[in-house]
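Report on one structure; see the data block that follows.
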Amino acid sequence: MALYEELKTKFPEVVKEGFQEVDGEVVVCNREGFLDLIAWLKQEKGFIHLIDLCGVDYLGYKPKTFEERFEVVYHVFNLDERKLLRLKVRVPEEDPWQYSITSLWKEANWFERECFDMFGIVFKGHPDLRRVLMPEDWKGYPLRKDYPLFSEEEDWEPYKVLVEKYKRRG
Amino acid sequence: MSLVLEVNKKQKGKDSWEEPFYLNMGPQHPSTHGVLRLFLELEGETIVNCDPIIGYLHRGIEKLAENLNYNQTIVLSDRLDYISSAANNVAFALAFEKLFKLEVPRRAKLIRTIVSEMARICSHLLWLATHALDIGAMTVFLYCFRDREWLLNIYERICGARLTHTYVRVGGVRRDFEPEVIEELYRFVEEFPKRITDYETLIDTNRIWLKRTKNIAVVSAEEAFNLGLTGPCLRGSGVSYDVRKFRPYDAYSEVEFEVPVGQNGDTYDRYKVRMIELRQSNWIIKQCLDKLSETEGELVLAENSPDLLMPEKVREVSAQPHPKLGVMFKPKEKEIVPVGEAFASIESPKGELSVYVVSDGSSRPWRLRIRTPSFVHISAIPHMTKGHMIADLVAIIGTLDIVLGDSDR
Amino acid sequence: MEDLWSNLFWFLAGTVILLIVSLLHVAYLTYAERKIIARMQQRLGPNRVGPRGLLQPIADMLKLLTKEDIIPAQVDKPVFYIAPFISLVCAGTGIALVPLWENFVISNINVGLLFILALSSLSAYGVILSGWASNSRYAFLGGLRASAQVISYEIAMSLALLSVVLMAGSLNLGDIVRAQINSPFKVYLIPQLIGFFVFIISAVAECNRTPFDLPEAETELVAGYFVEYSGMRFALFYLAEYFGMLVMSALAVTCFLGGWAGPFEVPYVPFFWFVVKVYALLFFYIWIRATLPRYRYDQLMDLGWKVLIPLGLINLFLTALIKLIF
């Protein structure tokens, strides 16, 4: 928990809570000021390896203890101390956005694009935010919990257009 | 904005004589290793701009996993990087074991180490084959496939499948090795180093090979971290970061091996690193085989490991499907697995493969996130190809060792 | 009058026989290539059609003849039609000028060597036109690569052959062979070692074979200039490539390896030594295809302009000097 204490004193407004998990420390942060915190972690504390960046949708999650619907989860790793740190930023449903960290890691570019693609979380400051896995004209965000599970391909707009075109041709 | 849209915009108000040369490489192309599409802006043969477009093999594995129980998701993991599926199985199992707080028997750990190193050899052989073929050396291709075939046959003896094994279970492995398998593996381990020497004599001193790989796509150590390169691509840049050493899992803490690193971070160094890794993997398998005899007769699956058919209907289906949103799942009160989250990463042959799982207590994961190396590596292609030629692009795709099943999930 | 008719008859008969024999050679060259490469790669190669797959080339030919001839909508049709024929004719005609044995040559002209060089330059047109007419970006890139490659390697090849001409004092291929037989070493390979080296490398590049197969680089440009072709037109390009190999090997044998002459005479088979030498060279072509990776475009140009052309020039200069002194 040493890192949490340090972060808490350095960024009192940003850090919300922290706890120890099986594989490393978890620190929950606020959106505002998060960029400074992670930049400090990268430049001063040696967390140079961004392993993962992903979104989680907590709609209807039973054991939930917080209000916001989404969470953006960062896994960063310190090579010298062999320390894994999980950072979480909670994002409310009404204005789903988060600051982009592409200025720190180019790697985050596609992670953020994927997060936007799957959850509709907008990353402010991202140079090229568009869908990556789904088609560019896809509607809806597939990994959200309220996304229809048994939808048919007929619901996809380009497919309908294609069928129409085909019918007209005979 | 996407390059495709930009092009449409640019072409409207421009003199057609100044128009750059655009080339749409893929999704059907012999050397994009699957259905990768690269939209290239060329100046002569030099690449000015490159926009990789993926998603043609997107099967929604993360979404599917949310509606399957923990053991069933391991079947999905085979389909990620289908060349080294045993390694993917291990990654999933490790994350779930952390969540369930399961202790894996030592014999199972050793067996897992063996199969994941076999997967590494399989994957690296296929990489060498296709990389050499992309650069134009045809013969290496078939030599590598010949030896990969041997390993696939061993896999078939182990679990009955050649590509999609589903051999690893949460809490261990499905069944023990037969004595014949161990004998065959010993034979393989003895013979394989000679084969590696064979490949190296074919291409290592070949001047054309050196010309095509030296100083191509040079990535410095700092840049490699910035781009998120992991695995052999990162080690080729001189960083000795290996998950097997930094966060040991399975039996890697008890075996000896070296982590090879390159110096210049060019395509040749990455090639060299992988060739050394082949030898190291061989050595690891040999050590594990020796240790297997110590654990003769032990269980290979933890006793309290979850049943294959985890209790059904824990997340209840809502009676009336929502008119617009379809069927919704609701969790019931009963807890089957601990609530919480777990993160596990392994050194897969292609790079760092990590699994992050969030549980709500039901038999199905609430969220399963897979970070695949190919996804990140493809995102690095535009940065690495700038200023190179089309022929180099093919070499760069080869050296990054991407599999589209891995990146699209 | 009688004489003219019989001359014409023999000329036509010879032409037809030579055409059939060389076409068969081309067909079985593909078979040989597949078999030899298969053996080098520990495979079996074609073995289904006929005993040991010997009828494979015929089956291939039948398949390609009966295949639909697909013509994409956007192509420049006349050029698209004619390009494969240009390639094939230019590649194949050269065989008529090569003396197979002492008294057998279909067309005994005094500028034989020049004519062959002209033809091989012209065959670049087939490649460029097909690349341009296909209206495909891959084909276009392939065509550009091919033209650049053929033009630059043409120079190196001509320089190597010029030294031979200097030594023999004739452009007639038959005279060149006779001059070789009368020379102290019996072949020009030994005095013209550098020339032979330059010629063989340029010949491989001329035929667009590995490691210089950039115009049709399978892993980069899919198939290069003939990516849009199918059926018989595709087969014509294929034939042209192998015909090119045959002609280049025959030319190398004629100019450097002493043509029909051998260590001893084989009775009743006057072309024995010629054929043996040609086969050896063709095997060499196939062998390097199984072994070497592909050059990159700029590296290929570097090799051509910075190594082969200077070498050819030096060789030419040395030959001229020696000729002047002795």
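The values are calculated or read from the model by the stated rules, or taken from the named source; none is laboratory data. Just so we're clear, the structure is a prediction, and the values are computed from it rather than from any experiment. Every residue, glycine as well, gets a Cβ built from its backbone with ideal geometry; the counts of neighbours run over all protein chains shown. The accessibility values were calculated without ligands, DNA or RNA, using every heavy atom of the protein model including side chains. Shrake-Rupley method; radii C 1.70, N 1.55, O 1.52, S 1.80 Å.
Computed quantities for the displayed model
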| read-out | value |
| --- | --- |
| Some residue of region C:35-45 being in contact with a helix residue (DSSP H, G or I) (Cβ under 8 Å, 6 or more places away or on another chain), at pLDDT 85 or above and more than 14 Å from chain B (Cβ to nearest Cβ) | yes |
| Residue among B:Glu352, B:Glu341, B:Glu333 that alone is open to solvent by 10 Å² or more (accessible area, probe 1.4 Å) and at pLDDT 85 or above | B:Glu341 |
| Total residues in region A:94-127, condition within 11 Å of another protein chain (Cβ to nearest Cβ) and open to solvent by 30 Å² or more (accessible area, probe 1.4 Å) | 4 |
| Some residue of region A:25-32 being assigned to a helix (DSSP H, G or I) and surrounded by fewer than 21 Cβ atoms within 10 Å (Cβ to Cβ) | no |
| Hits in region C:286-326 - residues which are away from chain B (no Cβ under 14 Å) and within 22 Å of C:Tyr31 (Cα to Cα) | none |
| Residue ID - surrounded by the fewest Cβ atoms within 10 Å (Cβ to Cβ), chosen from residues in region B:203-236 that are within 19 Å of the chain's Cα centre (by Cα) and part of a loop (DSSP other than H, G, I, E, B) | B:Gly231 |
| Total residues in region B:171-187, condition open to solvent by less than 50 Å² (accessible area, probe 1.4 Å) and within 23 Å of the chain's Cα centre (by Cα) | 4 |
| Cβ pairs under 7 Å, 6+ apart, first in region A:153-170 and part of a helix (DSSP H, G or I), second surrounded by 11 or more Cβ atoms within 10 Å (Cβ to Cβ) and at pLDDT 75 or above | A:Glu153/A:Tyr159; A:Glu154/A:Lys160 |
| Cβ pairs under 6 Å, 6+ apart, first in region B:210-224 and free of Cβ contacts under 8 Å to residues at least 40 places away in the same chain, second not acidic (Asp, Glu) | B:Lys211/C:Gln299 |
| Residue check, C:Leu65 surrounded by 14 or more Cβ atoms within 10 Å (Cβ to Cβ) and either touching a residue at least 12 places away in the same chain (Cβ under 8 Å) or among the hydroxyl-bearing types (Ser, Thr, Tyr) (or both) | no |
| Identity of the residue in region A:45-68, touching a Leu at 6+ places or on another chain (Cβ under 9 Å) and open to solvent by 10 Å² or more (accessible area, probe 1.4 Å), that ends up farthest from the other protein chains (Cβ to nearest Cβ) | A:Lys45 |
| Unique match (being touching a Lys or Arg at 6+ places or on another chain (Cβ under 9 Å) and buried (at least 24 other Cβ atoms within 10 Å of the Cβ)) among C:Glu206, C:Glu241, C:Glu220 | C:Glu220 |
| Count of region B:104-135 residues which are open to solvent by less than 10 Å² (accessible area, probe 1.4 Å) and within 14 Å of chain C (Cβ to nearest Cβ) | 6 |
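Let's see how each residue does on (1) in contact with a strand residue (DSSP E or B) (Cβ under 8 Å, 6 or more places away or on another chain); (2) open to solvent by less than 30 Å² (accessible area, probe 1.4 Å); (3) part of a loop (DSSP other than H, G, I, E, B):
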position: C:Phe115; (1), (2), (3): no, no, no
position: C:Ala124; (1), (2), (3): no, yes, no
position: C:Asn135; (1), (2), (3): no, no, yes
position: C:Phe140; (1), (2), (3): no, no, no
position: C:Gly143; (1), (2), (3): no, yes, no
position: C:Ala146; (1), (2), (3): no, yes, no
position: C:Met167; (1), (2), (3): no, no, no
position: C:Arg178; (1), (2), (3): no, no, no
position: C:Val198; (1), (2), (3): no, yes, no
